[in-house]
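Novice: First the structure, which I've put down as structure tokens, then a few questions once you've had a look.
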Amino acid sequence: MKTATTHAPGSAENRVCLGDHRWVSIRPIERSDAAGLSAFYSRLSPESRRRRFLGPVAAVDPRLVARFAVPGDGIVGVLREPGRDDGAVVAHASVQADRRGAAEVAFAVADDVHGLGLGRALVDAAIRLAGERGLTRVSASLYSDNTPMRHLLRDPAREVVRDVIEDGVEEIELRLAA
């Protein structure tokens with residue numbers, strides 16, 4: 001299925017078309033997103049939670065979710081479709097800055113929308129957010145068998161400064177354009 005991504009000039013929001021009258025708005029996270037994030041993480045499959053948190057996670061602690069819902073520290077994808085699921089969080093990117101001008105980024109996309117272009121838009125938005133915050137690098141840790149995420153991060157338009165695999169976990173560091 002062909003997807004379309006739009007970015008409104010001067011806006012922090014992207015829209016990704018999933019097809020069949022379904023859109024996802026990708027926007028900076030807000031404190032009011034905490035409940036939606038909690039519901040999102042509870043709906044993820046055990047494998048998706050394992051990949052997101054680099055280990056088996058039966059349930060995501062609400063205190064952790066509350067720490068994710070800090071303005072400036074992430075991006076959410078919110079479903080826009082006719083029906084009861086309108087407004088549901090279907091993607092999350094965490095952008096956690098350190099004191100060295102870098103950030104660790106982590107991503108999760110709802111299982112039922114994998115492969116529809118949402119991951120690419122989410123990664124792009126998170127990297128853009130890090131750059132807007134004045135950060136110079138981002139890094140991500142992923143299981144070495146997470147090929148889709150590796151492809152999203154190792155985009156030819158991005159400069160990879162480090163890519164190391166140790167004990168089945170890959171650490172990819174990207175330099176952000178100045």
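A short reminder: the numbers here are calculations on the coordinates, not readings from a lab. Remember, predicted model here, so these are calculated numbers, not experimental data. Using ideal geometry, Cβ is built from the backbone for each residue, glycine included, and neighbour counts are taken over all protein chains shown.
Novice: To the nearest 0.05, how large is the calculated FRET efficiency for GLU171 and ALA39 if R₀ is 25 Å and r is the Cβ-Cβ distance?
Specialist: After rounding, the FRET efficiency stands at 0.25.
Novice: Per 0.36 nm of contour for each residue apart, how much would the distance between THR136 and ASP112 grow if the chain were fully extended, relative to their Cα-Cα spacing?
Specialist: 5.3 nm
Novice: Separate question: Across every pair of different alpha-carbon atoms, what Kirkwood hydrodynamic radius in Å does the chain reach?
Specialist: 16.4 Å
Novice: At a 10 angstrom cut-off on C-beta neighbours, averaged per residue, how do the peptides 131-141, 50-60 rank from highest to lowest?
Specialist: 131-141, 50-60
Novice: Right, something else. What does the net charge come to around ALA34 if you take all other residues with beta carbon closer than 14 Å to its beta carbon, with K and R at +1 and D and E at -1?
Specialist: Spelling it out: positives minus negatives among the neighbours equals -1.
Novice: May I ask what percent, to the nearest 5, of DSSP beta bridges between residues of the chain are antiparallel?
Specialist: Counting only bridges with both partners in the chain, antiparallel ones make up about 95 percent.
Novice: Could you work out the helix-only [θ] at 222 nm for the chain, with each DSSP H run of four or more residues adding -39,500 (n - 2.57) and the total divided by the number of residues, to the nearest 500 deg cm²/dmol?
Specialist: Calculated at 222 nm, the ellipticity per residue is -7500 deg cm²/dmol.
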